[in-house]
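The values are calculated or read from the model by the stated rules, or taken from the named source; none is laboratory data. Keep in mind it's a predicted model, so treat the numbers as computed, not measured. Using ideal geometry, Cβ is built from the backbone for each residue, glycine included, and neighbour counts are taken over all protein chains shown.
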């Protein structure tokens, strides 16, 4: 009896957990287009909806005649039925090698330990829209050909370097700077280089370079992200392994020490040997150059320790500019731009004799694309006017920040004016206050009549049902014995 009951409980709990996880998170993979031009990327989008933006996923699939390019990520947060829902969209772009019709076989990805299927499609690639695209395509064909070649002469030196690059070496407190860790391999490189335990190496590298006095917003990189770049008039394939934006929290200098990345380098054997692959495995380590970022304090200001830093703009929305006393209206104050949006806050708006302000609904969206992290934060208010007249919303809605381009403090404020008509609500508020707490509560209570006899019969029926269940359980126990 006990063993069977235990199995039932285990199955019930397992079913509940599976059901709970499936409800809490929605995962899908979709394509943007099935017909594209040669100079247009093909894109797969992984969409994850759940309570958090901390997601783990396997690399996107590889397809013949398609070459992986950059990955972008967008995260948005909304409130649904009182619960926070975070939507993360990861987009993988592919560069198509040539025109024609291509069959992309069904595939799958692992997302948060779940297998997510990817439907197979037929991709139609038409001639490029840009007539000058031919030269670039020929350059890319040359790159593909180099990657196909696996027979190199012995003892060839790798034409590559490992770099820690910064987009700025002097910033203000709170101002973001971009850090990129990448391996650069020249197009003329003849050495056969292959990645080696990059995930494990990256953990050790980040332990050495990650600053403790910064807020971090990183980019989702699950595998080498390849792109073509020019360095000192020389063409390279850049393989990014880590990219992040750091926002200094104080004026302490930020130092990045020398770190190394080890790669496998295959060397062909001079003659056929017992080694079936005909090549020798060696290892080569590439090192970065130490870097430092100097941090400047913000200029004097009463709110210097509280303001956000970056480049921002404001967008407003209002349900109506012609209002009536006692009737609520909606007002949205949305801040967008580049900066640390975890510091973007809006001072509480206090009700006065002209308006009643209710706490705002706050929506935040962070987007990561190529070399930028941008965001928006929207404060959505419900407001009730109480006195007729003309009012400028600037008196209630303004936001101070430090503009890094202008290197000065600036204020984003409302540019909307409203016209309120109707009778004054002041006397109505006074009358309500004079009623006292007893009458206020009476106005809020339900006036529904409750049938006491009905309640008594329901209670009696519940007691009888519980008694019958207890008798049944005791009988089953003695029968089994």
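Brief remarks follow.
- Set 352, 356: member being more than 30 Å from residue 183 (Cβ to Cβ), touching a residue at least 24 places away in the same chain (Cβ under 8 Å), more than 33 Å from the chain's Cα centre (by Cα) and surrounded by 12 or more Cβ atoms within 10 Å (Cβ to Cβ): 356
- Selected residue (only one of 65, 78 is touching a residue at least 40 places away in the same chain (Cβ under 8 Å) and either touching a strand residue (DSSP E or B) at 6+ places or on another chain (Cβ under 7 Å) or under 24 Å from residue 375 (Cβ atoms) (or both)): 78
This table checks each residue for (1) touching a helix residue (DSSP H, G or I) at 6+ places or on another chain (Cβ under 7 Å); (2) surrounded by fewer than 16 Cβ atoms within 10 Å (Cβ to Cβ); (3) farther than 22 Å from residue 236 by Cα; (4) at pLDDT 90 or above.
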position: 99; (1), (2), (3), (4): no, yes, yes, no
position: 123; (1), (2), (3), (4): no, no, yes, yes
position: 130; (1), (2), (3), (4): no, yes, yes, no
position: 137; (1), (2), (3), (4): no, no, no, no
position: 148; (1), (2), (3), (4): no, yes, no, no
position: 159; (1), (2), (3), (4): no, no, no, yes
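- Those residues of the stretch 366-386 which are farther than 24 Å from residue 78 by Cα, modelled with pLDDT of 95 or more and surrounded by fewer than 19 Cβ atoms within 10 Å (Cβ to Cβ), in sequence order: 384
Matching residues to (1) modelled with pLDDT under 95; (2) in a loop (DSSP other than H, G, I, E, B):
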| position | (1), (2) |
| --- | --- |
| 400 | no, no |
| 418 | no, no |
| 424 | yes, yes |
| 432 | yes, no |
| 437 | yes, no |
| 440 | yes, no |
